[in-house]
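Reading through the structure tokens given below for one structure.
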Amino acid sequence: MPSCWLQHAEAVGIDAERLAAARLAAARSSSISEALESAARSLTGPAAVELAPGLAALIRRGVGLNTKVGTARFIKGLASRLGQDLKPAAPQLLKPLLSAIRNENSGAVKRTYAGAAAAIAVRSVSDKRQDKFIADAVSSYGAVAMPIEPYILQQQPQQGAVANPDATPMSVDESFAADDASRQAGGLLLRELLRESGDTFSKHASQVLPVAFLATHDESSSVSSAWSAVWSEGCPSEPAALRLHTAELAGLIA
């Protein structure tokens, strides 16, 4: 959002994020938005791949909330419709989107960028690249896999607990010093991935949910808010999720 909008919003006591949301709601019903949606529906895979450098440039250098959000929504629409036909352009689009999520000031724009990146990760990349996308989002919080400690193996499971045979205990690397923006970005990406494809998220739940639980208690409100959404939307029952992921959580809170 341009600084003048922020200044005027603050001067009259209007929350900047609410103002941004109102502007985006108005933009959705505009003729320009309709034209972009129509264009996205008309593009073939090869045409979209040819257009990718220009879209990536708009993500990097676009100015104004409507331009940024419009570009991200256009990309998301392409991924949703073209799927694997967009695969050749996926790396070229993902790189600026992931960078922009960390560097953008507006929460509304961050979320829209995350939605576009998640759509590409779900529909337009290989399984290996999808796994890396999720692992990178998790590691943005400083979480790493660790060997199972003997004392964890010796613990008796709680009554009613169901052991996860694929459990991989996690630990937070204390030397990892990600800033708030990077830690928030990981949560935003995983929340949008969950909303884009519950099945994809479920395959990686044991990797994501323990870190999400830890991150809900982060001192930064922006970080905890992003990861709280992952935790609350990713597990229908908190007690059951805590029992299921006991081994992973043990490393995180030890």
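The values are calculated or read from the model by the stated rules, or taken from the named source; none is laboratory data. Quick caveat: nothing in here was measured; it's all calculated off a predicted structure. No Cβ is skipped: glycine too gets one built from the backbone with ideal geometry, and neighbour counts run over all protein chains shown. Only protein heavy atoms, including side chains, enter the accessible area calculation; ligands, DNA and RNA are left aside. Shrake-Rupley method; radii C 1.70, N 1.55, O 1.52, S 1.80 Å.
A few comments on the model shown:
- Q92 satisfies every condition listed in (1) closer than 19 Å to G54 by Cα; (2) in contact with a Pro (Cβ under 8 Å, 6 or more places away or on another chain); (3) of a type outside the set (D, E, K, R); (4) modelled with pLDDT under 95 except (4).
- Some residue of the range 193-214 being of a type outside the set (S, T, N, Q), touching a Lys or Arg at 6+ places or on another chain (Cβ under 6 Å) and on the phi < 0 side of the Ramachandran plot: no
- Against the numbered list (1) touching a helix residue (DSSP H, G or I) at 6+ places or on another chain (Cβ under 6 Å); (2) modelled with pLDDT of 80 or more, T44 comes up short only at (1).
- Among the residues examined, Y151 does not qualify as over 15 Å from T200 (Cβ atoms), modelled with pLDDT under 90, open to solvent by 10 Å² or more (accessible area, probe 1.4 Å) and under 13 Å from the mean Cα position of the chain (by Cα).
- Failed criterion for A52 (all others in (1) open to solvent by 40 Å² or more (accessible area, probe 1.4 Å); (2) more than 15 Å from E196 (Cβ to Cβ) hold): (1)
- Within the range 216-254, the set of residues being more than 14 Å from the chain's Cα centre (by Cα), buried (at least 22 other Cβ atoms within 10 Å of the Cβ) and modelled with pLDDT of 90 or more is empty.
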